[in-house]
Amino acid sequence: MRLPLVLSLTLLAAPVLAADDAALRERFRTAYAAAQTGATPGEADDPLRSHVLYPYIEMARLRFRLERGDSVDDEVADFLRAHADEPVAARLRRPWLASLAERKKWSDFLDALPPQTQDPTLRCHALAAHIALKQNENLTEDVSAGWLTGQDQPEACDAPFEWLRARGALTDDLIRQRVQLALDAGQAKLARKLAERLPSGKSAKALLNAARLLDNPADEFKQQLREGLPGDARITLAAYARLARRDSAQAAALLEPLALQLNAEQRGQLQADAAIGLALDHKPEAIPLFRSLGPEISAQAHEWRLRSALWGGDWPQTLEWIAQLPGPAQQEPRWRYWRGRALAAVGRDTEARIAYAEAAQERGYYGFLAAERLGIAARVEHQPLAVNPKARAMLEKTPAFVRARELFFCELDSEAAAEFRHALAPLDAAAQKEAARQAADWGWHHQVIPLLATLGVWDDVAIRYPLPYEKEVEAAARESALEKVQIYSVMRQESLFNPRARSAADAYGLMQMLPATARNTARKFGLERPGVPELLTPSRILRLGALHLKELLQDFRGHWPLMLAAYNAGPQRARAWLPPLEMPADIWIENIPFNETRLYVQRILGHRVLFGWRMDGKPRTMLPLMADIPPALEDPTAPAPESTASPEPVQAP
């Protein structure tokens, strides 16, 4: 039976499927789903045997039989030899290796294990295999090397580590080394668990105290200041940095007693972390701490002392600290923009115009803001990717590329993405750009946009800012009274137009809504309660997402930056970040404590500019959406204030 199977698989090397054969794709999807539940070959297979994706059906059947416990090792081995490094083989290889390890077929396991595998579970199974087969040369050293990691290890590692212990080779010194590695990696709970296994003694106590301090700095600092801090100042500093971000007031109170136990350089780091914590909480006490720092500070300290100066409206201090940035950082559009803002605020208009003009060269949030303050159009400069007929013809004959296309149209996202990566790997940049062009034509935007970024291709604005789901967006905009560009901007940032996107937090679909949020929105607007299938349906999720945006916009009295921050981080956090006094929106956005949320708001505002250009050839403006941020939101139904964010433009040089 082996020979015909291998031959049948080998003959499938060349793609034979027409690009628009929707009926055959649907037949494949049905057969693939059936194969995953154990359906056996039959007449329904006949039209698919020459299908470029037929190996996926065979793989699914083998995997089902393997998981059921059938004896399929020979067939699996044949399949893997026939498909070698293809992604379809990877979908079978790992479960087979896991099965071989579970059945302790160690020789077969080692024969099938890919060389240089980085999978920690498979590496530990390999150690167990060598132990079982008594391949003991250098084995103690190999298992010891596997032990020495600062990360938690999978359950498969328990057996080789226990073998090491039984031989008396898992010494206290090895345990101490791993505790230190865990501490260095910030894995406080692992370090604590390991340190508790050491025999009592001075070194064991020091390591345990270090682990406790890193794990729970709020409580441990108080006790350990009385009893003695860990000898390793790095742990003290790491624990203090954690505390400063969790409780800036407690960290500030501990600054002086801790500083007495550190050298000058370490005291500087302590002060910087205290200041950053206070700045994240928008406390004015951050400013004097930042002023006390020496010239050698981290990039993070540079950024947050500038943000604290902006929050406090201290424009001379802003200019002074921008001048102290390292040279490359001063050239970033962000600090060029803020230098222009500060110069304009202190009346140095000519210099402000120059700084704005430099920042306006960037196609992005800061560049667009700078252009608007100059009274000029945002820079778009669309440059389409050139067609590459030679590369296109080559790609159409590349099996992996054709498989990626067919899997994409069959809505098998992870399989398609693996084949696409496999197809791209050997290609030069020119061919990869052509692959991106073709995938964009298919509508595979969530693959294309990151690929173009990796290739440094920024100028094809049409591909990077597509307009899919036009009817659905039109309907959602009409019902929610939002602009289409606003819905497109949020959709791009949330999902890159992937209708089947699912986040680690279980947010779904084009607008990445949590099921509970979607249900609440549906209830408030009198709509049918949605389940996950509805959240993966473009028309439903766009409607619900737009209505949720409308709801938040009403709650935040028309303030778009607040609404966007609430959509990303939650309304409670957005309200907690409100300033003590009315504040320009760009300053408030710059001081959002969460990096993810700050970038989220900035990028969506920037996306809106470019989607405006895509829709009607004219970039949208940002400043009309950036009314000053109020210190408190009183009646959510009160009318939104007129924007005060668009001053008389500074004339461009």
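Here, each number is a calculation from the coordinates, and none is a lab measurement. These numbers were taken from a predicted model, which means no experiment stands behind them. Cβ: placed from backbone, ideal geometry, glycine included. Neighbour counts: every protein chain shown.
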For this session: Quick one: compute the contact order of the stretch 301-423, relative version, from alpha carbon pairs under 8 angstrom and 6+ residues apart, as a percent.
Result: 13 percent
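With an 8 Å cut-off on Cα pairs and a minimum separation of 6 or more residues, tell me the relative contact order of the stretch 470-625 in percent.
Working: 187 pairs, mean separation 32.5, N = 156.
Rounded, it is 21 percent for the stretch 470-625.
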Seminar exercise, completed: Env charge @ residue 548, Cβ radius under 15 Å, K,R +1 / D,E -1, value +2
Exercise. DSSP loop trypsin sites (Lys or Arg not before Pro) in the stretch 83-147 with at most 14 other Cβ atoms within 10 Å of their Cβ, which ones?
Worked result: 103, 104, 134
Exercise. Going 7 Å from the Cα of residue 81 toward and past its Cβ, which residues in the stretch 39-59 have a backbone nitrogen under 20 Å from where you end up?
Worked result: 55-56, 58-59
Seminar exercise, completed: Any residue on another chain or 5+ positions along whose placed amide H is under 5 Å from the amide H of residue 583 is listed here as 629
Seminar exercise, completed: For the table 433/618; 390/471; 390/618; 193/222; 390/484; 134/205, the rows whose alpha-carbon distance is greater than 31 Å are 390/471; 390/618; 390/484; 134/205
Seminar exercise, completed: Label model pair residue 296, residue 454: point-to-point distance (7 angstrom along the Cα→beta-carbon line) in nm is 3.8 nm
Problem set entry | Lys/Arg +1, Asp/Glu -1 at C-beta; the chain dipole; positive extreme among 190, 40, 324 | 190
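Counting Lys +1, Arg +1, Asp -1, Glu -1, what net charge surrounds residue 397 among other residues with beta carbon under 14 Å of its beta carbon?
Working: positive: 390, 392, 403, 405; negative: 396, 434.
Residues near residue 397 contribute +2 overall.
For the stretch 138-199, state which trypsin sites (Lys or Arg not before Pro) are in a DSSP loop and have at most 13 other beta carbons lying within 10 Å of their beta carbon. Could the numbers behind the result be given before it?
Values: sites: 165, 167, 176, 178, 189, 192, 193, 197; in loops: 167, 197.
Those that pass, being in a loop and sparsely packed, are 167, 197.
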Problem set entry | Total charge dipole magnitude, the chain, about the Cα centre, Cβ charges on Lys, Arg, Asp, Glu only, Debye to nearest 20 | 420 debye
Exercise. Tell me, what ³J(HN,Hα) does each residue in the stretch 233-243 have, in order and in whole Hz, if you take phi through Karplus 6.51 cos²θ - 1.76 cosθ + 1.60 with θ = phi - 60° and put x for Gly and Pro?
Worked result: 5, 4, 5, 4, 5, 5, 5, 5, 4, 4, 4
Exercise. For residue 377 and residue 516, FRET efficiency with R0 = 41 Å and r from the beta-carbon atoms, rounded to 0.05?
Worked result: 0.45
For this session: Grab the other residues whose beta carbon is less than 15 angstrom from that of residue 125, score K and R as +1, D and E as -1, and report the net.
Result: -2
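With r defined as the distance between the Cβ atoms of residue 618 and residue 267 and R0 fixed at 45 Å, what FRET efficiency is calculated, to the nearest 0.05? Each step should come with its number before you reach the end.
Details: r = 55 Å, r/R0 = 1.21.
According to the calculation, E is roughly 0.25.
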Seminar exercise, completed: Restricting to Cα pairs under 8 Å and 6 or more apart, the percent relative contact order of the chain works out to 9 percent
For this session: State the label only: which of (i) 210; (ii) 167; (iii) 201 corresponds to volume of the Cα convex hull per residue in Å³ computed from the shown model?
Result: (iii)
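Do me a favour and compute the ellipsoid semi-axes for the stretch 470-625 from its Cα gyration tensor, root of five times each eigenvalue, largest one first, whole Å.
Numbers: eigenvalues 113, 71, 41 Å².
They are 24, 19, 14 Å, listed largest first.
Which ordering of 346, 457 is given by a fewest-first count of other beta-carbon atoms within 10 Å?
346, 457
So how do 394, 511 line up by other beta-carbon neighbours within 10 Å, fewest first? The partial results should precede the final answer.
Numbers: 394 15, 511 27.
In increasing order of surrounding Cβ atoms, one gets 394, 511.
Averaging over all projection directions, find the projected area of the Cα convex hull of the stretch 2-163 and quote it in nm² with one decimal place. Could you put the intermediate results ahead of the total?
Details: hull surface 46.0 nm².
If I average the Cα hull's projected area over directions, I get 11.5 nm².
What dipole magnitude, in Debye to the nearest 20, does the stretch 2-163 give about its Cα centre under +1 on Lys/Arg Cβ and -1 on Asp/Glu Cβ?
Values: 18 positive and 26 negative charges, 62 e Å.
So the magnitude is around 300 debye.
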